[in-house]
Structure formats: structure tokens, C-alpha cells
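Below you'll find the structure, written out as C-alpha cells, and then a few comments.
Any read-out appearing in this document is the output of simple, stated calculations on the displayed coordinates, not a laboratory observation. Since we're looking at a predicted model, the values are computed, not measured. Note that we place each Cβ from the backbone using ideal geometry, even for glycine, and neighbour counts take in every protein chain shown.
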Amino acid sequence: MRPRPLSVSRVDLPDFLLIKCQGMLDDIQRADSPNVALLTEQRAAGFTEALEWLQVLPASQIEQLYELYERALTGRIADLDH
């Protein structure tokens, strides 16, 4: 049985960021190889780092995004290895 896809819905994001961040999270979860999963996670992490640097979101929300992307990457690589 496949695990339920992760969602950014629990992170209190403005709508314009919710759509973008969910799209990047979905890309990680749909990656067709470990390398693609890693690249998409790194892209999401870079985007999140920019949000952090620009102080667009509070630190707690930034941390939640980083954690979600890491969980998605770990889960996707585990799925691909089986």
C-alpha cells in the first residue's frame, strides 16, 4: 500500500506560496529516479532558502517546509528502491 502523499496544507502559507510549494512537494513525490528526487528536493530547498533570506515567512514555517521536503525525498527514495 502506498503512503498518503504529503501536503503543505498544514503550513500556514499565503495562497500564492501554497500552490508553488505544493507543486514542488508533488514533484519530489512523483520523481522517477533517486537522482530526480534529489534534484527536485534541492530545487525546493533553494526556493525555501530564498523565502527565508527574504524574510517572507516566519522561521517556524520555513522549518516546516524544509522538513516536508526532506520527508518527501526520504519516502520517495525508499519507494524507488523497492
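Percent of Cα-Cα pairs more than 18 Å apart in the chain, please.
Cα-Cα pairs in the chain separated by more than 18 Å: 37 percent.
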For this session: Could you list the trypsin sites (Lys or Arg not before Pro) in region 1-65 that lie in coil according to DSSP, counting only those with at most 13 other Cβ atoms within 10 Å of their Cβ?
Result: 10
Seminar exercise, completed: residue 54 and residue 35 label points (each 7 Å along its Cα→Cβ direction) are spaced in nm at 3.1
